1. Only residues in region 86-98 that are touching a residue at least 24 places away in the same chain (Cβ under 8 Å) count as the first member; pair them with residues that are open to solvent by 60 Å² or more (accessible area, probe 1.4 Å), Cβ under 7 angstrom, at least 6 apart or cross-chain, and list the lot.
2. Need the failing condition index for GLY170 against (1) open to solvent by less than 50 Å² (accessible area, probe 1.4 Å); (2) in a loop (DSSP other than H, G, I, E, B); (3) closer than 22 Å to PHE227 by Cα; (4) not aliphatic (A, V, I, L, M), just the number.
3. Looking at (1) part of a strand (DSSP E or B); (2) modelled with pLDDT of 95 or more, which one does PHE259 not meet, given that it meets all the others?
4. Are any residues in region 275-299 part of a strand (DSSP E or B) and open to solvent by less than 10 Å² (accessible area, probe 1.4 Å), and if so, which ones?
5. Could you tell me whether VAL165 is surrounded by 22 or more Cβ atoms within 10 Å (Cβ to Cβ), outside any strand (DSSP E or B) and of a type in the set (A, V, I, L, M)?
6. Write out, first by first residue and then by second, each pair whose Cβ atoms fall under 7 Å of each other, whose residues are 6+ apart or on separate chains, and whose first residue, in region 105-117, is of a type in the set (Lys, Arg) while the second is surrounded by 20 or more Cβ atoms within 10 Å (Cβ to Cβ).
7. Would you point out which residue out of VAL106, VAL171, VAL130, VAL193 is under 16 Å from the mean Cα position of the chain (by Cα) and more than 21 Å from GLY61 (Cα to Cα)?
Amino acid sequence: MGLLRIWAAVVALVTAETYLVFSIPTLKQLAYAKASDGIVRVLVMDKLDDPRAIAVDADRGRMFVADGGQGMIFWYQLIRLPTGKLICDGRQHVAASGIAANMLTVDEQGNLFYTGKLTAELPIPPEEVVWMIPVSNLNAGMTEGALELYNPLNSAAGPGQPPRVNQPNGVATDGTTIFWGNRAGAQKSGGVVKAKVAPPSLGETTCTAMTDREVTGGIALTARHIFYAVEGSIYGISQEKATSTCHLEGECVLVADQFQKVNQILWDGDGTMYVSDAETGIVFQLPAGVLQKIRATKFIEVAGLYSIDIFTAGEDSSALGSSSLVALVLGVFALGRM
């Protein structure tokens, strides 16, 4: 019976559990809730000044947060306990400094992407651009060396052409392609824009406008669709039909408009999207595969909630650490021989 209890504990550890993690700037905290119960629990409550945008690298258990008050991007190691509780390892790591980041995202390799600008006072005010921090830099603990992927100059189709980077905000990636939303000039620059993750060579044009409305919040990619925030509404479009005139042509569909100020949109990789409303502190749920107007349902409400991301732990050993899982399994077999 002792062996069975230990094996049951191992199975419980590797059972998938989905968490929503979120920032609460007014309390200077990071918190989380299980998707299964919606109970809010605190993750980080010190050394933060103005935590805003967040992103989670589920495979490596890293939670990134942009702190506007300190001009930094920090990351924390997430750990799921056998009880299902989520904690951090107590260390605040620096991913980047001297940056005012708008939004963040992470690809499957662990590279961090973000939109924003430098905070340094320069003779020419810094522009908002699209950045990338390679996972190798993060692994090495480097706080400098972020790559400027796309800016107003290298994103234009040619001399005299409008930039495809125009106050970039929401950002998403599928690993090979990066998408961002412009807060300004969407009629000329594009609302949602896509480009190769690799920065362009001199004279190369890789940026394509996919919509024609200013994107004021986040972007979510699903297997077939793109969803993006415009003030208190969410629009969606098939990736195959996305064009720079989609709103004029009626291809961009209003999916939901019951919000006050959409900040982040997330797909859980299955059938649900989560939406954070920065004005009300409410996180909503809505179906992910529908391109028609629907009504979102309330999931949780947290006063002061700003940005959210999803962390799924336990599908593999990532949330535990591979060495911990291997040790547990070997321990079970060792006991079985006794």
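The values are calculated or read from the model by the stated rules, or taken from the named source; none is laboratory data. These figures come from a predicted structure and were not determined experimentally. Cβ placement follows ideal geometry from the backbone for every residue including glycine, while neighbour counts extend to all protein chains displayed. Just so you know, the surface numbers come from the protein's heavy atoms only, side chains and all, with ligands and any DNA or RNA stripped out. Shrake-Rupley method; radii C 1.70, N 1.55, O 1.52, S 1.80 Å.
1. GLN92/LYS47; GLY98/LEU118; GLY98/THR119
2. GLY170 satisfies all of (1) open to solvent by less than 50 Å² (accessible area, probe 1.4 Å); (2) in a loop (DSSP other than H, G, I, E, B); (3) closer than 22 Å to PHE227 by Cα; (4) not aliphatic (A, V, I, L, M) except (2).
3. Condition not satisfied by PHE259: (1).
4. Of region 275-299, the ones part of a strand (DSSP E or B) are 275-277, 282-287, 297-299.
The answer is VAL275, SER276, ASP277, VAL283, LEU286.
5. Numbers: surrounded by 22 or more Cβ atoms within 10 Å (Cβ to Cβ): yes; outside any strand (DSSP E or B): yes; of a type in the set (A, V, I, L, M): yes.
Yes, satisfied.
6. These pairs meet every condition: LYS117/GLU128; LYS117/VAL129.
7. Being under 16 Å from the mean Cα position of the chain (by Cα) and more than 21 Å from GLY61 (Cα to Cα) holds for just one of VAL106, VAL171, VAL130, VAL193, which is VAL130.
Results for (1) of a type outside the set (S, T, N, Q); (2) modelled with pLDDT of 95 or more; (3) surrounded by 22 or more Cβ atoms within 10 Å (Cβ to Cβ), shown as yes or no for each residue.
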residue	(1), (2), (3)
GLN77	no, yes, no
THR83	no, no, no
GLN92	no, yes, no
ALA101	yes, yes, yes
LEU112	yes, yes, yes
ALA120	yes, no, no
ILE124	yes, no, no
